1. Out of everything in region 128-147 that is more than 12 Å from the ligand (Cβ to nearest atom) and under 18 Å from the mean Cα position of the chain (by Cα), what residue ends up being farthest from Arg104 (Cα to Cα)?
2. Scanning region 32-46 for residues that are more than 8 Å from the ligand (Cβ to nearest atom) and among the polar types (S, T, N, Q), which turns out nearest to the chain's Cα centre (by Cα)?
3. Please specify each residue of region 231-287 satisfying the condition of being more than 26 Å from the chain's Cα centre (by Cα) and of a type in the set (Lys, Arg).
4. State which residue pairs qualify: first residue of a type outside the set (D, E, K, R) and inside region 180-195, second residue surrounded by 16 or more Cβ atoms within 10 Å (Cβ to Cβ) and not in a helix (DSSP H, G or I) in any location, beta carbons under 7 Å apart, and separation of 6 or more residues or different chains.
5. Residue under question is Gly14, and the condition is that it be in a loop (DSSP other than H, G, I, E, B), at pLDDT 95 or above and not basic (Lys, Arg); does it hold?
6. Quick check on my filter: what residues within region 156-179 are free of Cβ contacts under 8 Å to residues at least 40 places away in the same chain and out of contact with any helix residue (DSSP H, G or I) (no Cβ under 6 Å at 6 or more places or on another chain)?
7. Does at least one position in region 241-264 carry a residue that is surrounded by 13 or more Cβ atoms within 10 Å (Cβ to Cβ), touching a residue at least 40 places away in the same chain (Cβ under 8 Å) and touching a Lys or Arg at 6+ places or on another chain (Cβ under 7 Å)?
8. Looking at region 165-179, can you tell me whether even one residue there is in contact with a Pro (Cβ under 7 Å, 6 or more places away or on another chain) and in a loop (DSSP other than H, G, I, E, B)?
Amino acid sequence: MTTHVSVLGLGMMGSALATALLKAGHHVTVWNRSPARTGPLVAQGALPAGTPAEAAAASPLVVVCLLTDDTVHEVFDTLGDVTGKTLVNLTNGTPAQARELAARAADHGAHYLDGGIMAVPQMIAGPHAYVFYSGDEQAYETHRATLAAFGGTKWTGTDPGRAALYDLALLTGMYGMVVGVLQAFALVRTEHISAEEFSELLVPWVTAMLASAPEMGRAIDTGQHLTDVSSLAVNQAAFPNFTATFRDQGVSPELFVPFQALLDRAIAEGHAADGLSRLADLLTVER
Ligand code: NDP
């Protein structure tokens with residue numbers, strides 16, 4: 001069904017979202033702080049709005065994709081009357097920020113959905129893109145078909161902060177992997193080994209190791225950390241070899257030193273026979 005949608009924020013991601021909505025046949029109104037960025041969207045059929053309030057007034061569904069949630073707060077103050085509208089905030093932010101924005105939206109009589117985009121702009125509307133949503137479930141059901149223009153839609157719950165939590169948790173896994181991959185490249189480069197060629201070994205290795213994630217997850221869920229695969233004692237004993245090699249080869253160990261400290265703490269607290277899954281318990285601190 002064709003509907004009216006406004007998009008606030010036409011950076012790389014906001015422009016991709018607006019383009020996807022236009023391609024899906026919707027009536028799209030766009031606003032961006034720097035007006036020049038509206039040009040390519042207007043050329044595709046979008047209507048330009050001079051202010052956030054003008055954009056919000058044009059549609060019952062308002063998609064916001066700005067740099068940070070602090071920015072969203074600033075723009076929120078200028079939206080005017082949003083009673084009965086649905087605000088979908090796809091800006092990267094924290095669960096706490098999402099809850100604050102949901103409360104503000106409710107104060108203004110608006111429905112609020114928070115979202116976490118699991119895609120880069122070039123993937124939007126493609127088969128592998130999807131977005132986590134949380135917040136007002138009724139609003140989600142009402143607008144789900146329209147939001148599907150961006151890719152898959154994954155509902156995570158009525159706590160507005162839930163989508164951001166899923167988003168940040170997936171990105172946490174990604175950054176952990178990136179840190180390891182970059183450290184490995186830095187290490188092999190010290191012996192003039194091509195990083196690109198080394199990636200032919202690294203990718204299948206990391207992929208094979210990632211296959212143990214469900215088993216680790218089960219251990220974390222059940223609290224059964226005893227292992228016959230690779231104990232914390234073995235890992236702790238081997239880990240100084242990494243930091244020593246980094247230093248010997250002229251690579252900074254700064255990203256790995258904290259992991260040594262965590263392994264040391266695990267042993268000191270009596271978890272020598274447990275597997276690496278135990279570390280998730282040690283990482284959990286009181287809120
Ligand atoms: P860009 O830097 O390309 O765009 C940022 C947007 O925010 C621009 O529209 C910019 O306006 C606007 N903006 C910044 N500060 C202000 C302000 N004070 N007031 C009003 N508008 C402001 O970023 P992206 O489009 O790449 O990212 C947007 C969001 O999407 C981020 O939260 C990002 O984390 C998230 N995201 C991005 C992905 C990506 O791969 N790019 C992937 C998944 C999520 P102006 O043009 O005037 O500067």
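The values are calculated or read from the model by the stated rules, or taken from the named source; none is laboratory data. Predicted, not measured: the structure shown is a model, and the values here were computed from it. Because the Cβ atoms are built from the backbone with ideal geometry, glycine has one as well, and the counts that use them run over all protein chains shown.
1. Within region 128-147, the subset more than 12 Å from the ligand (Cβ to nearest atom) is 128, 133-147.
Among the residues that remain, those that are also under 18 Å from the mean Cα position of the chain (by Cα) are: 128, 133-135, 147.
On the way: His128: 33, Tyr133: 18, Ser134: 16, Gly135: 13, Leu147: 22 Å.
The extreme case among them is His128.
2. The extreme case among them is Thr38.
3. Of everything in region 231-287, those that are more than 26 Å from the chain's Cα centre (by Cα) and of a type in the set (Lys, Arg) turn out to be Arg247, Arg265.
4. Every condition considered, the pairs that remain are Gln183/Phe256; Ala186/Val251; Leu187/Val251; Thr190/Val251.
5. Details: in a loop (DSSP other than H, G, I, E, B): no; at pLDDT 95 or above: yes; not basic (Lys, Arg): yes.
When the stated conditions are applied, Gly14 does not pass them.
6. So in region 156-179, the residues free of Cβ contacts under 8 Å to residues at least 40 places away in the same chain come out as 156-158, 169, 171-178.
Within region 156-179, Gly157, Ala169, Leu171, Thr172, Gly173, Met174, Tyr175, Gly176, Met177, Val178 qualify.
7. No, region 241-264 has no match at all.
8. Our first condition is that a residue be in contact with a Pro (Cβ under 7 Å, 6 or more places away or on another chain); within region 165-179, this holds for 165.
Add one more test, that the residue is in a loop (DSSP other than H, G, I, E, B), and what stays is none.
No - not one qualifying residue is present in region 165-179.
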